[in-house]
Amino acid sequence: MLVLFVHGMGRTPISATPMLWRLRRHGHSVDVVGYFTGTETFTEIVDRVGRKIQDIAVKGEYVVVGHSLGGIMLRAALQNMPATTKLPNHLFLLGSPVTPARLAQKSQHELGFQLVSGDCGQLLATPSRLLEIGMPDIPKTAIVGTRSFSLTKKYFLDEQNDGVVSVNECAHKDISEVIKVPIVHTFLPSSRKVSKIILDKISTIQSALATL
């Protein structure tokens, strides 16, 4: 199975090295899209993600995995795919917000946040822009963390959160499978638990394809 991974804001593809290594060890091919929000707009990055999806789609069955902002980029790219492009067999969203992230809203007018996050940071804080990004009509799994940071815990009150986004911020009526894991936001892509969830799901997909 081909696997495309898109990392979160302020991270690089290296953040998922353990997961990508585990996927390769189980015989899967992996590819990534890297970006830097300080110098690229959301649209520019999504266009590149879209081109990568089209390149992979002609090679065979594939799934896509997005961490945080990376999940939003994948959703946006899939929303704009040509009708002739084969869509992924599954979309995995790791701590990826569907509604405006309260930490982004709190920080959106701070110069440091603006310099590092650029246009993407403003998108994360803007309801109207996020609502324009739909949910692709393919199977989806949201994997959300529940281990919070003491530094940000006050912003979430009693809501389950991973220190950056809450479980509620990652929920959507069109995501039927939501799996909670006791992991902080940053370590979702490198978690052994998360890797196992993805590997088990890919195995199920392959078994189903084999019966067709």
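The values are calculated or read from the model by the stated rules, or taken from the named source; none is laboratory data. Note that this is a predicted model, so its numbers are computed, not measured. Cβ coordinates were reconstructed from backbone atoms using ideal geometry, including for glycine residues, and neighbour counts include every protein chain displayed. Heads up: the accessible areas ignore ligands, DNA and RNA and are worked out on the full protein's heavy atoms, side chains in. Shrake-Rupley method; radii C 1.70, N 1.55, O 1.52, S 1.80 Å.
Odds and ends about this structure:
- Qualifying positions in region 38-74 - assigned to a loop (DSSP other than H, G, I, E, B) and either surrounded by fewer than 21 Cβ atoms within 10 Å (Cβ to Cβ) or without any contact (Cβ under 8 Å) to a residue 40 or more places away in the chain (or both): Gly38, Thr39, Glu40, Thr41, Val58, Lys59, Gly60, Glu61
- When region 4-37 is filtered for residues that are open to solvent by less than 30 Å² (accessible area, probe 1.4 Å), within 20 Å of Met81 (Cβ to Cβ) and within 13 Å of the chain's Cα centre (by Cα), the ones remaining, listed by number, are Leu4, Phe5, Val6, Val33.
- Any chance Leu103 is more than 29 Å from Ile197 (Cβ to Cβ) and either among the aliphatic types (A, V, I, L, M) or open to solvent by less than 30 Å² (accessible area, probe 1.4 Å) (or both): no
- Looking only at region 143-158, residues that are more than 16 Å from the chain's Cα centre (by Cα) and open to solvent by less than 60 Å² (accessible area, probe 1.4 Å) come to 4 in all.
- Residue-level check: of (1) farther than 18 Å from His7 by Cα; (2) modelled with pLDDT under 95; (3) under 18 Å from the mean Cα position of the chain (by Cα), Gly121 misses just (1).
- The listed residue being in contact with an Asp or Glu (Cβ under 6 Å, 6 or more places away or on another chain) and among the polar types (S, T, N, Q), out of Ser166, Ser191, Ser203, Ser128: Ser166
- Just one of the listed residues (Gly112, Gly134) is under 21 Å from Glu40 (Cβ atoms), out of contact with any Cys (no Cβ under 6 Å at 6 or more places or on another chain) and either in contact (Cβ under 8 Å) with a residue 40 or more places away in the chain or not in a strand (DSSP E or B) (or both), and it is Gly112.
- The one condition in (1) touching a residue at least 12 places away in the same chain (Cβ under 8 Å); (2) closer than 19 Å to Leu23 by Cβ; (3) not in a loop (DSSP other than H, G, I, E, B) that Val178 fails to fulfil: (2)
- Some residue of region 92-105 being assigned to a helix (DSSP H, G or I), in contact (Cβ under 8 Å) with a residue 40 or more places away in the chain and within 22 Å of Lys153 (Cα to Cα): yes
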